[in-house]
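Worksheet: one structure, shown below.
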Amino acid sequence: MSIKEKCGIYGIFMKTSSVRCIYQVIDGLELLQHRGQESCGVCYGAENNLVLHKSLGLVKDVFSDKSYVPAASHAIGHVRYSTSGKSKLSEKDKYVECQPLFGKCKLGEFYVAHNGNIPNTECHDTQHIINCIIKSKKPTWKDILTELIESIPVAYCLLIITSSELFVLRDRYGIRPLCVGESFDGNDYCVSSESCALKEYNFLREVNAGEIIKIDKNGLNILYNSPNARSHICAFEYIYFMRESSICNGYSVKSLREMLGKELSKIEKETFDKNTLVVGVPSSGITAAKSYAKSLGLTYAQLITKNPSVGRTFIAPTDEERKSLCKEKFLYNESEIKDKKIIIIDDTIVRGNVIKTIINSFNLCGSREVHVRVPSPPVIDVCSLGIDIPNCEELLAHNKSNDEIKSELGIKSLQYLSVDALDKLFDFSSYKECFGEKLIYV
C-alpha cells in the first residue's frame, strides 16, 4: 500500500538573504500545525547549498532550538499527517518519509514538499513525484514540471526548492488549497497551504489549478497554466481542515460554516422549546452551531471545551489511537448539562469515534435527551485524494439508514445536511467522492 498524506506546506523567497527567512517558515508551519502533527521539516537555500532539518514531532518541539538558523534567501517547510500505512512503519522509516524529500536530476539537486494524495502509486506519493522528475527527458524545469502537471491529474500542491529558485505547483483540479502572499515592498514572497499563515505578507492570490509559478531573484513569474484545468477543491477543506480565518477560492471559511449552520436550521424537523441548549463540538463545529442556534432562536452554550493537551484525533494514524485520544479530547460542564435537552452539532461524522464519546459523556453528565445535527452530508464512501478513509467499513454511515445511525449512536434524533444543500452554497459538483459519487478521473 502506498503512503497517503494530508499535510501543510509553506515557502518563502527573499531577494536579500536574511535569518528572517527560516524563522518565517517555522512560524508559518506552526500556523499550519492543524494540517499535520506527525512530523515536520524545513529545507533552505544558503550560499548555493540546500540544507535540510526535519524530525518526527510538533513544530514547536522540532524547532525549539533556533540558534543554528543562518541567513537564507529561500526556504520551504512541511507538516505531515500520513493517512495510511503509518502504523506498519518503523520509527526509522517514519523519519525517512518526513518531508521535504530529496531528489537529484540532470538539472541539479532539489527538495520537494507535497500536500495531497496521488492515487494508484506503488511508492510514497512524494517519491513518485520525485521519480517522475528524475526520469523526465525534458531539457528545462519548465518543461519537466509542465509534463508533470499534464501527466498526473490529482491530487497535489508542491513546493520545489533548488539552490536558486522556488517552484510552486497546484494540480489541474485544484483539490488542495494553495495561495501566495507578497511583502509590503514587493521584494519577498510567501507560499502557504492556507492564507491564515501568511502573517505579515499581503494576500496576493490563489495559485490556480494547473498552474506552475517560478520565484527567484527576478520576482514571481508564471511559467504555465494548463488548458486542461478544472478548479474543484475538496469539500472537507472548508468543512473541517482549514482554519476559519483562511480564505480559499474567494470564500471565507468562517462565513461558509455560518451558512452551513443556517442551511441546517432550514431543514429542521423537530420542535424544540427555548430551554433546549445547542452545543458545538470544538473547534470546527462551533461556528455552524452558533449560526444554527441563532436561526432557530435557541440558546447556544459552550458546554464542551477542548483539552489543550490533545490534538486532532481524526489525524491519528490508527483507529486504536483515535479511540484512545477521543476519551481525553474534551472537558464538560457537568452542572450545566444535567437534566438539559441537548443538540450537539459537529462538522462531520466520519468513523463516529468522536461523536460516540461525546454522546456517552453527555449521558454520564445527566442530560435529559441528546439530539445530533451535522452541517454536512453523511460520509458514505472512500476517498483516495487526501482524507483518511481507506475503506468503507470504517465509516459510520456506510450502508446505514438515518434511523440505523441514530440507533447506533443512542440519540433522540439525527439530521444531516444534504449534498444538494451543500451544492447550493458553492460548486462541489465534481467532488462528491466522500458523499457517495466516484471521481471519474481517478
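Throughout, read-outs are computed from the coordinates displayed, never taken from laboratory work. Values in this document were obtained by computation on a predicted structure and should not be read as measured data. So basically every Cβ, Gly included, is an ideal-geometry build from the backbone, and we count neighbours across all protein chains shown.
Quick notes on this one:
- Nonlocal amide H pairs with Ile343, under 5 Å, H built at 1.01 Å: Leu277, Val278, Val279, His371
- Point-to-point label distance, Ser335-Ser418, nm (Cα→Cβ direction, 7 Å offset): 4.5
- For segment 1-157: rounded, prolate or oblate by the Cα gyration tensor [a/c cutoff 1.5]: oblate
- Spin-label model distance (nm) - Ser17 vs Lys306, 7 Å beyond Cα toward Cβ: 3.9
- Placing unit charges on each Cβ (+1 for Lys and Arg, -1 for Asp and Glu) gives the chain a dipole about its Cα centre, and among Asn307, Cys40, Met14 the Cα reaching farthest toward its positive end belongs to Asn307.
- Three-way shape call for the chain based on the alpha-carbon gyration tensor, with the a/c threshold at 1.5: prolate
- Counting other Cβ atoms within 10 Å as a rough exposure proxy, the listed residues Asp125, Asp381 run Asp381, Asp125 from fewest neighbours to most.
- Compared with the dominant principal axis of the Cα atoms in the chain, helix 353-364 is inclined by about 30°.
- Ranked list, fewest to most other Cβ atoms within 10 Å of each Cβ, for His371, His114, His124: His371, His124, His114
- Legend: calculated FRET efficiency, Lys104 to Arg368, from the Cβ-Cβ distance at R0 = 60 Å, rounded to 0.05, equals 0.40.
- Segment 99-256: C-alpha gyration tensor shape, a/c 1.5 cut-off, then a/b vs b/c: oblate
- Contact order for the chain, expressed relative to its length and based on alpha carbon pairs under 8 Å spaced 6+ residues apart, stands at 13 percent.
- Extension gain from Asn221 to Lys400, taking 0.36 nm per residue of separation minus the Cα-Cα distance: 59.4 nm
- Residue among Thr140, Pro70, Asn117 farthest towards the positive dipole end of the chain, charges placed on Cβ: Pro70
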